[in-house]
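Colleague: One structure, pasted below without further comment.
The values are calculated or read from the model by the stated rules, or taken from the named source; none is laboratory data. The structure displayed is predicted, hence computed values, not measured ones. Glycine also receives a Cβ, built like all others from the backbone with ideal geometry; neighbour counts cover every protein chain displayed.
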Amino acid sequence: MKIEDKKRVLREMVLHRRFEERCYQAYIERKIGGFLHLYPGQEACCNGVMEAARPGHDYVITGYRDHVHAIKCGSDPKEVMAELYGKETGSSKGRGGSMHIFDAAHRFMGGYALVGGPFPLAAGIAKAIQLKGGDEIAICFLGDAANNQGVFHETLNMAALWNLPVLFVCENNRYGIGTSIERSTAVVHQHKRVAAYNIEASECDGQDVEVVYEHARKAVDHVRSGKGPYFLELMTYRYRGHSMSDSRGYRTREEEELWKQRDPIFILRDRLIAAGELTMEAYEALEKETDAYIENEVIKFSEESPEPRVEDLEKYVLADRASQQQWLTGQAA
Amino acid sequence: MAQIMLWEAIQRAHDEEMARDPLVICMGEDIGVAGGTYKATKGLYEKYGPLRVMDTPISEGGFTGLAIGASFLGVRPVVEIMSVNFAWLAMDQMFNSAAKIRYMSGGQLEAPCVFRSAGGAAHQLGAQHSARMEKVFMGIAGLRVVTPSNPKQAYGLLKSAIRSNDPVFINEHELMYNMKGEVPDSEYFHPLEGSDIARSGTDVTLFGYNISVHWCLKAAEILDKQYGISAEVIDLYSLSPLDRAGIKQSVSKTHRAVIAEEDEAPVGVGAEIIAIINEECFFELDAAPVRVHSALVPQPYNHTLEKAAIPDHEDVVKAVLKLFGKA
Ligand SMILES: Cc1ncc(C[n+]2csc(CCOP(=O)(O)OP(=O)(O)O)c2C)c(N)n1
Ligand SMILES: [Mg+2]
């Protein structure tokens, strides 16, 4: 990574972290409802991979822990937060909520709530790319526990069989809600499961964004050059509970502390400081600036935005009638 | 009789049945060490161990099929599907294997399996976590469907479901696990078929099940106090089969019917009840039966839209007043 890129990624990761922490606060204040799944601890995964890919050009799809992925693809943090506030100005016009951020313009194909659901959708997006002949790739970010759905295996088989341009990124944070990977999965290292399908796969540290970037570059090049799917496993950890109602009784505070010693933001920050490219004062100022931006712009926008109108309850259920007239009635408009 | 919460009632039913029969087992995501998302299996892992209280991988199609296979050999699995929205992934096995096995084997095999799942719209859980799906399960030959509206039913229906030799789907509600109610101290088996008269009345029958029983009861109270209308509330804890005799009896008495369902109307519980009324007692009717139901939309996240999409007791009151020409 170039030094300028490292500095930019640090700024972005700080934004991602502070954004999520602000969501936590807004949830407590009951500004955000429903389920809320936060990303702190895993920032290097999304950032490292997307630095190697082309955000806004490549298609990205993921699960319910989706805010940061959307922002990294180019979504305006204001619109993501407004979605969590259920506002008409939100990414999904307040209809989706935290688990369903969508931003088609930035090729963020969405967050989905059913574990494993995005696997075949990603392969389908890759199929469309193949048919249309573009140089984009499809990137599917999902958790470790999702690999126990049958559809994971069905998708891997088809992706390999049809040589689809899809990169599967497994963010292995060792837990599916409160069940540790050892208790749910016969094979802890997920990339080993993929070998059976003749798919290129590798594993790396998911806490160091530069390490992720180096591995992701290889993976992205592989997929983009037409060599078929790739499976990249990133070993990582989520600091907070699975969602807001989780008191983390299934793991020890010592384990959490160990992982916090390998904080993705601090790893990059300290490296930049050691290289004389950053000072602690500058870093602290960055945190403050970020918080001010979130408060003065992101939160303000979300607070001030209008709610959807009740009259529009049935909007978006089906295609706009006028555009479909001929097919609905058999008669041209 | 003790006042306990609905989740405690379910937990007690599991516990008693597991203590009695070593072939009763339970399985599902986070039900063991974590005690279950809704605590319905709390403490069972510690008591009965991992062979009988199984934390499953996130493999709904897989573990549901595995439970059904075990039931062929006489094991009595109680499968928890964390949220009914995830049951779509398990339906192939429930419908194609469990529900049909007795018939297609000419009575040689059976699948005495229980599937429990939390359905309904909770608060702002969005389109993929708010489904009401009882109507999907109701139309399947070979599958029984029950749905508790209070802790006593939750306890007694699960007990009977475990003992029954048929596959039973138990539709619970996300918002009702902490509801308190009386449950008999001694062992109690709630019938899997029939319906309960939750409140008797003479002018109109309000049909409800699960959460909508409570809208009906609240509406009946208001109708009585404010409008002098005497409403009977029928609790349809069995959705398959529906209680034809009970439906006929009540409508023949009140001559009017309102059906309250949290689900959307098309092909739903209300549609089915109206068909039964037509078949059983059409000439008893003084007015066309009415359905109170959700809007036909994927559940919106936004709080205001969500409220607009889902009915409540006020909608039941309005429907009744309209029926009496008072609105
Ligand atoms: C089909 C389905 N089953 C169960 C759930 C409930 N659930 C939501 S997230 C989750 C754990 C997923 O873990 P993992 O794939 O490792 O992702 P992580 O949350 O760790 O990022 C479960 C069981 C669901 N949403 N969908
Ligand atoms: Mg995980």
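Colleague: Give the residue that is farthest from A:Glu203 (Cα to Cα), with candidates limited to residues of region A:214-257 that are of a type in the set (Asp, Glu) and under 23 Å from the mean Cα position of the chain (by Cα).
Modeller: Within region A:214-257, the match that is farthest from A:Glu203 (Cα to Cα) is A:Asp246.
Colleague: Another question, if that's okay. Do any residues in region B:109-134 that are at positive phi have Cβ atoms under 9 Å from those of residues that are at pLDDT below 95 and in a loop (DSSP other than H, G, I, E, B), where the two are at least six apart or on different chains, and which pairs are they?
Modeller: From region B:109-134, the pairs are B:Gly120/B:Ala131; B:Gly120/B:Arg132.
Colleague: Starting from region A:53-65, take each residue that is among the acidic types (Asp, Glu) and list its partners that are part of a strand (DSSP E or B), counting only C-beta distances under 9 angstrom and pairs at least six apart or across chains.
Modeller: Pairs found: A:Asp58/A:Ala138; A:Asp58/A:Ile139; A:Asp58/A:Leu167.
Colleague: Examine region A:42-55 for a residue that is more than 15 Å from B:Pro300 (Cβ to Cβ) and within 13 Å of chain B (Cβ to nearest Cβ), and state whether such a residue exists.
Modeller: No - not one qualifying residue is present in region A:42-55.
Colleague: How about region A:156-178: which of its residues are β-branched (Val, Ile, Thr), within 15 Å of ligand 1 (Cβ to nearest atom) and more than 14 Å from chain B (Cβ to nearest Cβ)?
Modeller: The one that is β-branched (Val, Ile, Thr), within 15 Å of ligand 1 (Cβ to nearest atom) and more than 14 Å from chain B (Cβ to nearest Cβ): A:Val169.
Colleague: Where residues in region A:234-268 are away from every other protein chain (no Cβ under 12 Å) and within 12 Å of ligand 2 (Cβ to nearest atom), which of them is farthest from A:Gln190 (Cα to Cα)?
Modeller: A:Arg238
Table: residues versus (1) more than 14 Å from every other protein chain (Cβ to nearest Cβ); (2) buried (at least 20 other Cβ atoms within 10 Å of the Cβ); (3) closer than 30 Å to A:Ser305 by Cβ; (4) touching a Pro at 6+ places or on another chain (Cβ under 7 Å).
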{"site": "B:Lys248", "(1), (2), (3), (4)": "yes, no, no, no"}
{"site": "B:Ser252", "(1), (2), (3), (4)": "yes, no, no, no"}
{"site": "B:Ala271", "(1), (2), (3), (4)": "yes, no, no, no"}
{"site": "B:Ala275", "(1), (2), (3), (4)": "yes, no, no, no"}
{"site": "B:Phe282", "(1), (2), (3), (4)": "yes, no, no, no"}
{"site": "B:Glu306", "(1), (2), (3), (4)": "no, yes, yes, yes"}
{"site": "B:Val320", "(1), (2), (3), (4)": "yes, yes, no, no"}
{"site": "B:Leu323", "(1), (2), (3), (4)": "yes, yes, no, no"}
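Colleague: Restricting to region A:183-192, count the residues that are within 11 Å of another protein chain (Cβ to nearest Cβ) and either of a type in the set (Asp, Glu) or assigned to a helix (DSSP H, G or I) (or both).
Modeller: 2
Colleague: Of all residues in region A:134-176, how many are away from ligand 2 (no atom under 16 Å from the Cβ) and buried (at least 24 other Cβ atoms within 10 Å of the Cβ)?
Modeller: Number of matching residues: 9.
Colleague: Examine region A:201-215 for a residue that is part of a helix (DSSP H, G or I), in contact with a Phe, Trp or Tyr (Cβ under 8 Å, 6 or more places away or on another chain) and either more than 14 Å from chain B (Cβ to nearest Cβ) or crowded, with 16+ Cβ neighbours inside 10 Å (or both), and state whether such a residue exists.
Modeller: Looking for residues that are part of a helix (DSSP H, G or I), in contact with a Phe, Trp or Tyr (Cβ under 8 Å, 6 or more places away or on another chain) and either more than 14 Å from chain B (Cβ to nearest Cβ) or crowded, with 16+ Cβ neighbours inside 10 Å (or both), one finds none in region A:201-215, hence no.
Colleague: May I pose another question? In region A:83-109, which residue that is within 11 Å of chain B (Cβ to nearest Cβ), over 24 Å from A:Arg238 (Cα atoms) and not hydroxyl-bearing (Ser, Thr, Tyr) is surrounded by the fewest Cβ atoms within 10 Å (Cβ to Cβ)?
Modeller: The qualifying residue surrounded by the fewest Cβ atoms within 10 Å (Cβ to Cβ) is A:Glu88.
Colleague: For region A:300-327, how many residues meet the condition of being assigned to a helix (DSSP H, G or I) and either surrounded by 14 or more Cβ atoms within 10 Å (Cβ to Cβ) or facing another protein chain (nearest Cβ under 8 Å) (or both)?
Modeller: Qualifying residue count, region A:300-327: 4.
Colleague: Further question: Can we say B:Ile140 is assigned by TED's automatic domain parsing to the domain that holds B:Gly65 and in a loop (DSSP other than H, G, I, E, B)?
Modeller: yes
Colleague: Further question on the same structure: Among the strands (runs of 3 or more DSSP E) confined wholly to region B:1-62, which include 1 or more residues that are facing chain A (nearest Cβ under 10 Å)?
Modeller: Those strands (runs of 3 or more DSSP E) span B:53-55.
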